[in-house]
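**Student:** Please see the structure below; I have some questions.
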Amino acid sequence: MDLIKRAARRFKDNPAILTGNTTISFSELDATTARIAEAMRKRGIEKGQIIALVMPNSSAMILLLLALMKRGSIAAPMNYRFPASRLQRALQQLKPVAVIGPESLTRDLHVPLKLTPEELTETSETPPSRHIDPGTAQQLNNETTLSLDTLSTIIHTSSSSGTPKAALHTLRNHCFSALGSNENIAFAPGDCWLLSLPLFHIGGYAILIRSLVGGGAIAVPAEEMNIDKALSAYPITHLSLVPTQLYRLVKHPDSCKTLKSLKAILLGGSAVEPALLQEASQSELPVYLSYGSTEMSSQITTTPGPTTTITAGRQLRFRELSLGKGNEILVKGPCLFQGYLSGNAPMLKTDKEGWFHTGDTGAFSPEGELHITGRTDNMFISGGENIHPEEIERTLCAIQGIRRAIVVPLRDQEFGFRPKAFIEATSEAPDNRIIIETVYRRTGRLKTPVAITRITSWHLLPGTEKIDRGYYKRLAITC
């Protein structure tokens with residue numbers, strides 16, 4: 001299957017990409033990516049080979065990713081904000097045959113072949129007949145036949161405490177993810193989704209596939225353009241955000257007015273604080289809450305409509321979901337990835353019934369909605385009791401004036417570990433003594449932080465808006 005050619009046949013001259021003053025239709029997208037795929041072939045890029053991309057979001061990056069899809073190569077978009085040494089370690093595991101990116105970002109990387117985006121995309125701006133012989137031009141017009149089970153991407157997890165893992169996906173994984181998402185939140189011709197998440201993140205890449213499947217356009221702002229400016233520059237109807245991004249936007253009345261007019265704001269990536277959702281609700285923003293993972297090709301559950309209460313929503317179509325021992329969330333289905341890259345092959349660990357163990361814990365409401373309660377690898381033992389930091393964080397965030405909280409274990413001679421909290425608070429928050437007393441009354445002694453540190457800005461994982469929990473575990477020892 002050629003997803004791009006299929007989209008061109010269905011959606012023809014409808015816009016696929018909006019960037020600056022340029023609009024690329026689905027028909028143009030098909031022709032352009034075919035020519036880029038041919039340029040890749042001439043440089044020795046073949047089906048099944050891993051090609052890394054080290055570059056920020058841009059229309060060129062979208063064209064390159066889709067050209068690799070046409071070629072049947074495996075695209076591995078990388079976090080370009082990582083230092084060269086960290087990128088090099090990741091590349092040593094991937095073993096790509098080439099890296100595509102601006103020279104400023106690839107200069108210090110050691111790979112067999114380096115290509116700039118311009119080397120591949122500039123040849124696509126002129127009709128094929130001026131570059132390619134008639135026989136090859138005819139070949140480009142023939143639909144590429146790729147199995148849905150063709151390996152398509154390697155996308156790294158955005159682990160908040162451990163080392164990111166390289167997750168392999170097929171076309172089938174991405175397609176069924178998009179089908180289930182679009183069934184819940186329609187994304188069709190006339191709609192426009194802002195590319196507000198990086199393409200090296202599953203949440204950003206998933207927008208591309210939703211567009212090919214549903215026919216909506218993708219708006220690609222310049223790297224330096226912030227979200228509120230992009231909202232006024234493009235006819236946005238759909239928006240994907242993580243809580244940090246929404247928090248910044250709701251502080252601006254003009255942004256709230258624009259956000260209110262959208263069809264959907266898909267919020268995920270990390271826990272949502274009740275105060276933030278309340279603020280969004282008061283501004284009548286169409287917020288859909290979701291729970292997803294790189295391993296399940298993006299969304300797993302999403303609310304069926306805009307919500308005013310904290311929930312991860314209901315299981316989307318083409319996903320299977322269950323709770324296992326200790327209420328761990330188990331998943332399977334056509335969206336489940338092929339495994340983590342290990343040597344030259346993917347490694348997928350599932351139980352005997354085919355369930356993948358996410359490491360997240362949850363519970364179902366009587367209405368069938370999923371509530372995320374924590375992560376098994378964040379849990380620690382204090383005085384013989386299992387302590388889930390997320391429970392304490394929710395208790396802290398329920399106190400007026402506390403916007404966000406992170407709780408980490410602090411080693412203790414008597415109890416093994418005790419909780420320590422880092423909080424972001426407004427002037428409305430009580431002092432630390434009252435906060436500790438409040439948590440003690442609501443949760444008991446073992447779940448009460450022995451110390452609270454107030455911070456004004458969070459240390460985030462590079463290239464993401466996720467708080468680096470590992471950083472605060474290390475910081476707790478020193479402060």
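**Student:** As a test of understanding, state the convex hull volume per residue of the stretch 322-426 from its alpha carbons, in Å³.
**Tutor:** 184 Å³
**Student:** May I pose another question? Give me the distance between the Cα centres of the stretch 1-49 and the stretch 320-351, rounded to whole Å.
**Tutor:** 32 Å
**Student:** Can you tell me what share of the DSSP beta bridges in the stretch 378-478 is antiparallel? A percent to the nearest 5 is fine. Please list the in-between numbers first.
**Tutor:** Working: 14 of 18 bridges.
In the stretch 378-478, DSSP labels about 80 percent of beta bridges as antiparallel.
**Student:** Would you mind counting up the charge near ASN378? Only other residues with Cβ under 11 Å from its Cβ, with Lys and Arg at +1 and Asp and Glu at -1.
**Tutor:** -2
**Student:** Within 10 Å, count the other beta carbons around each residue, average over each peptide in 349-355, 368-374, and list them highest first.
**Tutor:** Final packing ranking: 368-374, 349-355.
**Student:** If amide H atoms are built 1.01 Å from N in the plane of the peptide, which residues on other chains or at least 5 residues away come under 5 Å of the amide H of THR153?
**Tutor:** Correct list: ALA75, HIS169.
**Student:** Shape call for the stretch 417-460 from the C-alpha gyration tensor, a ≥ b ≥ c root eigenvalues: rounded (a/c under 1.5), prolate (a/b greater than b/c) or oblate?
**Tutor:** oblate
**Student:** Moving on. Once you have a ≥ b ≥ c as the square roots of the Cα gyration tensor eigenvalues for the stretch 279-371, tell me rounded if a/c is under 1.5, and otherwise prolate or oblate according to whether a/b is larger than b/c. Write out the running numbers ahead of the final one.
**Tutor:** Numbers: a/c = 2.74, a/b = 1.86, b/c = 1.47.
Taking the square roots of the gyration eigenvalues as a ≥ b ≥ c, the stretch 279-371 is prolate.
**Student:** Near LYS95, which lysines are there with a Cα under 16 Å away, not counting those fewer than 8 places off in the same chain?
**Tutor:** The qualifying lysines are LYS47, LYS114, LYS165.
**Student:** For the cross-link pairs LYS325/LYS466; LYS5/LYS229; LYS332/LYS352, which exceed 21 Å when the distance is taken from alpha carbon to alpha carbon?
**Tutor:** Violating the 21 Å limit, Cα to Cα: LYS325/LYS466; LYS5/LYS229.
**Student:** While we're looking at this one, here's another question. Rounded, prolate or oblate, given the Cα gyration tensor of the stretch 1-90, with a/c below 1.5 counting as rounded?
**Tutor:** The shape class here is oblate.
**Student:** I would also like to ask the following. Roughly how many whole Å is it from the C-alpha centroid of the stretch 283-301 to that of the stretch 216-253?
**Tutor:** 17 Å
**Student:** Take peptides 273-286, 6-19 and line them up by average Cβ neighbours within 10 Å, highest first, as a rough protection proxy.
**Tutor:** The packing order, highest mean first, is 6-19, 273-286.
**Student:** Another one. For the stretch 378-478, compute the orientation-averaged projected area of the C-alpha convex hull (one quarter of its surface), in nm².
**Tutor:** 6.3 nm²
**Student:** Taking the 0 to 90 degree range and rounding to the nearest ten, how far is the long axis of helix 202-214 tilted relative to the main principal axis of the chain, both from C-alpha atoms?
**Tutor:** Around 50 degrees separate the two axes.
**Student:** A further question on this structure: For a protection proxy built on the mean count of beta-carbon atoms within 10 angstrom, sort 59-65, 81-87 highest first, please.
**Tutor:** 59-65, 81-87
**Student:** Hey, another quick one. Using amide H atoms built 1.01 Å from N in the peptide plane, name the residues 5+ places from GLY313, or on other chains, whose amide H lies under 5 Å from its own.
**Tutor:** LEU370
**Student:** Rounded to the nearest 5, what % of DSSP beta bridges with both residues in the stretch 3-371 are antiparallel?
**Tutor:** For the stretch 3-371, the DSSP antiparallel bridge percentage is about 55.
**Student:** Follow-up question, since we're still on this one. What is the pair-distance distribution P(r) of the chain, computed from all Cα-Cα distances in 20 Å bins starting at 0, with each bin given as a whole percent?
**Tutor:** 23, 55, 20, 2
**Student:** Separate question: Convert each backbone phi in the stretch 92-100 into a coupling constant with the Karplus relation 6.51 cos²θ - 1.76 cosθ + 1.60 (shift: θ = phi - 60°), then list the ³J(HN,Hα) values in order as whole Hz, x for Gly and Pro.
**Tutor:** 5, 6, 5, 6, x, 7, 7, 10, 10
We did not get these values from a lab; they are worked out from the coordinates using the rules stated. For clarity, every value in this text was computed on a predicted model and none was experimentally measured. All Cβ positions, glycine included, derive from the backbone under ideal geometry; neighbour counts span all protein chains shown.
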